[in-house]
1. Within the set Lys28/Lys135; Lys36/Lys133; Lys36/Lys105; Lys95/Lys152; Lys133/Lys166, which residue pairs have Cα atoms separated by over 25 Å?
2. What is the Å³ per residue value for the convex hull set by the Cα atoms of the stretch 1-80?
3. In whole angstrom, how long is each semi-axis of the equivalent ellipsoid of the stretch 114-226, when you take the square root of 5 times every eigenvalue of its Cα gyration tensor and sort them from largest down?
4. Answer with one residue from Ser116, Ala27, Ala100: the one whose Cα lies farthest towards the positive end of the charge dipole of the chain, charges on Cβ with Lys, Arg +1 and Asp, Glu -1.
5. Compute the FRET efficiency between Arg227 and Tyr58 as 1/(1 + (r/R0)^6), taking r as their Cβ-Cβ distance and R0 = 45 Å, and round to the nearest 0.05.
6. Leaving out ligands, DNA and RNA, and with a 1.4 Å probe, what % of the accessible surface on the chain is carbon or sulfur?
7. Distance from the Cα centre of the stretch 1-73 to that of the stretch 97-145, in angstrom?
8. If you count only protein heavy atoms with a 1.4 Å probe, what accessible area per residue comes out for the stretch 74-231, rounded to a whole Å²?
Amino acid sequence: METVVLSLGGSVLLRDEGYTSYVRRVAKILIDMSAKYKLYVVTGGGKIARYYIKAGRYLGADESFLDEMGIEVTRLNARLLITALGDRACHSPPKDYDEALHAGKAHSIVVMGGVSPGLTTDAVSALLAERVKAKRLVNATSVDGAYTADPKKNPDAKRIPHMTHKELIGLVGHSTGAGPNNVFDPVGARVLERSKISLAIVDGNDLVNLRAALEGKTFRGTLVAPRRRHG
Ligand code: UTP
């Protein structure tokens, strides 16, 4: 059975309107796929995490404490998805990679949040992909791939359909803070490179396309793979 890891951005999972509809729909796809695939999902924190981090910073918390609050929110989001997945999923989010690996022996779908301060859930998903020996990681985010520049600021910005890990590291390697080149975490990009794990960056809102990427089929977005595809 093929193992696939999904990094599900908090901004995709949490909605202002029809907020359970997306969770239900993504859960249906994951349940459907779990007959053929072992699935590991890492949920992001989204705006709820940002809310706590901002409020905590105003109140004087140190950065690692803020990270711990962010992690709590990512785990809360994991529980939301677990609720929609029912019996196919582990009952609570594993707190580290070994726990996740263990949970994967008993359940078709494992859902977890963050692991330790100083990381993002993208980096966690890359480290998890290494641990569970996944060949493919899909990053479901709010943009439809990696761009040459910020498409909101630069009309000439082009989506990059394929790139190598080295090219991804070149793109995100020096970025700090939020921005167009933060389509994937730099730490996570290096982890994927060293273990030759391919990465699909897709718009998580398009569930048909997300499923295609999870199944290793042709998708719209950016494919990061050890060698550039020709043709
Ligand atoms: P996210 O991975 O969702 O952060 O974790 P992000 O990059 O801000 O996500 P987007 O912008 O919604 O895509 C939320 C916060 O939780 C903490 C960090 O503070 C992070 O910013 N966190 C998460 C950790 O410290 N360690 C982890 O393993 C995961």
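1. Working: Lys28/Lys135 23 Å; Lys36/Lys133 16 Å; Lys36/Lys105 15 Å; Lys95/Lys152 37 Å; Lys133/Lys166 21 Å.
Where the Cα-Cα span goes over 25 Å, the pairs concerned are Lys95/Lys152.
2. On the way: hull volume 6.4 nm³, N = 80.
Convex hull of Cα atoms, per residue: 80 Å³.
3. Working: eigenvalues 80, 60, 34 Å².
Result for the stretch 114-226: semi-axes of 20, 17, 13 Å.
4. The one lying farthest along the dipole's positive direction is Ala27.
5. On the way: r = 47 Å, r/R0 = 1.05.
Efficiency, from the Cβ-Cβ distance: 0.40.
6. On the way: 6280 of 11940 Å².
Solvent-exposed carbon and sulfur of the chain make up 53 percent of the total.
7. So the separation of the two Cα centres works out to 11 Å.
8. On the way: 7900 Å² over 158 residues.
Heavy-atom SASA per residue in the stretch 74-231 reads 50 Å².
The values are calculated or read from the model by the stated rules, or taken from the named source; none is laboratory data. Note that the coordinates shown come from a computational prediction; the quantities given were computed from them, not determined experimentally. So basically every Cβ, Gly included, is an ideal-geometry build from the backbone, and we count neighbours across all protein chains shown. What goes into the accessible areas is simple: the full protein's heavy atoms, side chains included, and nothing from ligands, DNA or RNA. Shrake-Rupley method; radii C 1.70, N 1.55, O 1.52, S 1.80 Å.
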